[in-house]
Amino acid sequence: MNPAVPPCPPDPSAALEAALTAILDGPMRDVPILNPQLPVAAIGLRRLGPAWFGALLTPWFVNLVLVPDAAPAAAPGTAAEFDLPCGTLGFLHARYGELHVLCCSLLSPVPPLYDEAGARQFAAAALDAVLTPPAPPPRAALSRRELLCGRGARPHE
Amino acid sequence: MAEIETFYEVMRRQGITRRSFLKFCSLTAAALGLSPARAAEIAAAMEQKPRTPVLWLHGLECTCCSESFIRAGHPLAKDVVLSMLSLDYDDTLMASAGHHAEAILEEVMTKYKGNYILAVEGNPSLNMDGMSCIVGGKPFVEQLKHVAKDCKAIIAWGACASWGCVQAARPNPTQAVPVHKVITDKPIIKVPGCPPIAEVMTGVITYMLTFDRLPELDRQGRPKMFYGQRIHDKCYRRPHFDAGQFAEAFDDDGARKGYCLYKLGCKGPTTYNACSTVRWNEGTSFPIQSGHGCIGCSEDGFWDKGSFYDRLTNIQQFGVEQNADRVGATAAGVVGAAVAAHAAVSAVTRARVKHVQTDERREDR
């Protein structure tokens, strides 16, 4: 969280869930590729820069979601890229009801093999994977020079 | 046929500058999802290694794969890659014909025994001893078996060679079969699509020619770098699907607003291809962008899966993708924590951005 940008908007989890529940009860009601075992749930939302970041689970998708503090002007479908700890991910601007968000698809449709517990585990594991930097490349064993000069020191440069 | 020469020599002979060549190498690295550092590796391989001959056979097909290939976005892709191919054997593109052409085929097979790549466009028919497709006076299935005998690997271009396509659709009167049903003892890279995207074709063949190995394949034999995601995963209309905004008819308000085409039969949710990222005609557009749903042309048996305008209704077919090699159920019928975690990591990996520099490609014209 950046302390220079007060105040931070409240956690949008409830608003996201309300917007998607309205979509589920409205236009998605008779769509046959839903996974009926799944609820609408915002999972693990947290502050990330000037935005809330987390995962969104519904019967028809599991997405990563970014809710920026300032509503972006871009039309739904406009691409955007964000550098996250795991690397650069591609997002698309979207509107869920009145909410402007950016989404990154992880799974859609959600196969019937996912029950609620499985889908929640999937979403949580995806968040972990996104927020964990990739492992650094393996280093060679410590040489005598490195031991004497301090690891990583390059005395000739 | 000319003496063994490198890709670079072929290219310079065509008057292509070194600057342009290096740009081609970096574009190819980007298209293949490799880091920019690998562009130097591609350049070095193309400069130093003798070219690998490619023999391009045509069975039952419509030549749309060739049409797509020769329209590859980067001018060098078609000039360089095509010059490596057409010098040898491609009965649509080569200059020679008749006995002379067939002699070239034999010459390459002898000279490069075990070291040439066989690209197959179209497929063999087995009915009436293969009489439905005759090349050079013999059934194509015989030519295919003959040329495949000493090849290093086979590229199956398009839906025909990969899955069978329209000629293998029910009732399949000619008994057309995909290449892997006839050739079982060689590695086969499937590059499905009707046709495949030009950049995907040149990307696959450049990778094989420069690195001298097969690209990483999924469990169905498709290069993961291009067939790792469904159209739906990266479709720019996807936010409308998520928000329940659908076009219900081709001329309704939803269609005009660019809503999701699922209800008009779009097969994007079940189709693995790079159309929504690489796009077509130098990255200009793809079917969904022009207002029509995906017909799923890169999927097995797409002609026999009902109308192009039928809605997808069945999600039972979706397995759990732990990675591209393992799709499967569990004994209990639900995914456990470990499987869910694997699938999640795999999904995040697929969602990472590959930079294909379309603007640079245009600038180079």
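Coordinate-derived values only; no laboratory data. The shown structure was predicted, so the numbers you read here are calculated from the model rather than taken from an experiment. Cβ placement follows ideal geometry from the backbone for every residue including glycine, while neighbour counts extend to all protein chains displayed.
When restricted to Cα atoms, chain B yields an Rg and a Dmax of 21.2, 63 Å, respectively.
Would you calculate, for the protein assembly as shown, the mean residue ellipticity at 222 nm contributed by helices, counting each DSSP H stretch of 4 or more residues as -39,500 (n - 2.57) and dividing by all residues, to the nearest 500? Before the final figure, lay out the partial values.
Working: 19 runs with 162 residues, N = 522.
So the helix-based figure for the protein assembly as shown works out to -8500 deg cm²/dmol.
In units of the compact-protein estimate 2.2 N^0.38 Å, the stretch B:160-266 shows a Cα radius of gyration of 1.41. Amide H to amide H distances under 5 Å link residue A:43 with A:55, A:56, A:57, where only residues 5 or more positions off or on other chains count and H is placed in the peptide plane.
With a cut-off of 13 Å on the backbone N, no residue of the stretch B:225-241 is near the modelled label site 7 Å out from residue B:44 along Cα-Cβ. Report the residue, chosen from B:137, B:293, B:283, that carries the largest GNM mean-square fluctuation when chain B is represented by alpha-carbon nodes joined by springs under 10 Å. Judging by the Gaussian network model, the answer is B:137.
Which FRET efficiency value, to the nearest 0.05, is calculated for residue A:116 and residue B:169 with the Förster distance at 45 angstrom and r the Cβ-Cβ distance?
Numbers: r = 40 Å, r/R0 = 0.89.
Step by step, r from the Cβ atoms, then E = 0.65.
Among the GluC sites (Glu not before Pro) in the stretch B:140-230, those located in a DSSP loop and surrounded by at most 16 other Cβ atoms within 10 Å of their own Cβ are B:216.
In a DSSP loop and with at most 16 other Cβ atoms within 10 Å, the trypsin sites (Lys or Arg not before Pro) in the stretch B:191-273 are B:213, B:219, B:257.
Quick one: if the Förster radius is 51 Å, what FRET efficiency do residue A:22 and residue B:5 give, using the C-beta to C-beta distance and rounding to 0.05? E(calc), rounded to 0.05, equals 0.20. Shielding value for B:231-238 is 5, the average number of Cβ atoms from other chains within 10 Å of each residue's Cβ.
Taking beta carbons within 10 Å but only from partner chains, what does the mean come to for residues A:110-120?
Values: counts 3, 11, 9, 15, 7, 4, 1, 5, 9, 3, 2.
Averaged over the peptide's residues, the number is 6.
Bridgeable lysines around residue B:181 (alpha carbons under 17 Å apart, same-chain partners fewer than 8 residues away excluded): B:145, B:149, B:190. The HN-Hα couplings worked out from phi for the stretch B:156-166 by the Karplus form 6.51 cos²θ - 1.76 cosθ + 1.60 (θ = phi - 60°) are 9, 6, x, 5, 4, 6, 7, 10, x, 6, 5 Hz, whole numbers, x standing for Gly and Pro.
Subtracting the Cα-Cα distance of residue B:128 and residue B:257 from their residue separation scaled by 0.36 nm leaves 41.2 nm. Rounded to the nearest whole Hz, the Karplus-based 3J(HN,Hα) values (6.51 cos²θ - 1.76 cosθ + 1.60, θ = phi - 60°) of the stretch A:8-13 follow the sequence 7, x, x, 3, x, 3, with x at glycine and proline.
In the elastic network of chain B, a GNM with C-alpha springs shorter than 10 Å, the most mobile of B:342, B:232, B:58 is B:342. The stretch A:57-112 and the stretch B:176-234 have their alpha-carbon centroids 30 Å apart.
Shape verdict for the stretch B:109-163, please, from the Cα gyration tensor: rounded (a/c under 1.5), prolate (a/b greater than b/c) or oblate. Note, shape of the stretch B:109-163 comes out oblate. For residue B:165, the amide hydrogen comes within under 5 Å of the amide hydrogens of B:301, counting only partners 5 or more places away or on other chains and with H modelled in the peptide plane. Among the GluC sites (Glu not before Pro) within the stretch A:76-136, those in coil by DSSP and having at most 10 neighbouring Cβ atoms inside 10 Å are A:98. Among the residues of A:86-94, the average count of other protein chain beta-carbon atoms within 10 Å of the residue beta-carbon is 5. Using the Karplus relation 6.51 cos²θ - 1.76 cosθ + 1.60 with θ = phi - 60°, the per-residue 3J(HN,Hα) values for the stretch A:50-62 come to x, 7, 9, 10, x, 10, 10, 10, 9, x, 10, 6, 10 Hz, with x marking Gly and Pro. By the gyration tensor of its Cα atoms, with a ≥ b ≥ c the square roots of the eigenvalues, what is the shape of the stretch A:40-97: rounded for a/c under 1.5, prolate for a/b over b/c, or oblate? Cα axes put the stretch A:40-97 in the rounded bin.
Toward the positive end of the charge dipole of the protein assembly as shown, with +1 on the Cβ of Lys and Arg and -1 on the Cβ of Asp and Glu, the farthest Cα among B:26, B:302, A:96 is that of B:26. Comparing B:336, B:206, B:192 along the charge dipole axis of chain B, the residue lying farthest to the positive side is B:336, per the Cβ-charge model.
Among rounded, prolate and oblate, which fits the stretch B:243-316 when a ≥ b ≥ c are the square roots of the eigenvalues of its C-alpha gyration tensor, a/c under 1.5 means rounded, and a/b larger than b/c means prolate?
Details: a/c = 1.84, a/b = 1.06, b/c = 1.73.
Oblate, because a/c is 1.5 or more while a/b does not exceed b/c.
Each label was represented as a point 7 Å from its Cα along the Cα-to-Cβ direction; for residue B:309 and residue B:292 these points are 1.2 nm apart. Need one number for the stretch A:74-118: average projected area of the convex hull over its C-alpha atoms, nm². That works out to 4.7 nm², a quarter of the Cα hull's surface. When both the stretch B:135-174 and the stretch A:19-44 are represented by their alpha-carbon centers, they are found 45 Å apart. A dipole drawn for chain B from +1 and -1 charges on Cβ atoms has a positive end, and of B:220, B:48, B:277 the residue lying farthest that way is B:277.
What's the long-distance tail for the protein assembly as shown, i.e. % of Cα pairs beyond 43 Å? Every Cα pair in the protein assembly as shown considered, those over 43 Å come to 25 percent. Proximity of backbone amide H atoms, modeled 1.01 Å from N, is registered between residue A:96 and A:101 at under 5 Å, excluding neighbours fewer than 5 places apart on the same chain.
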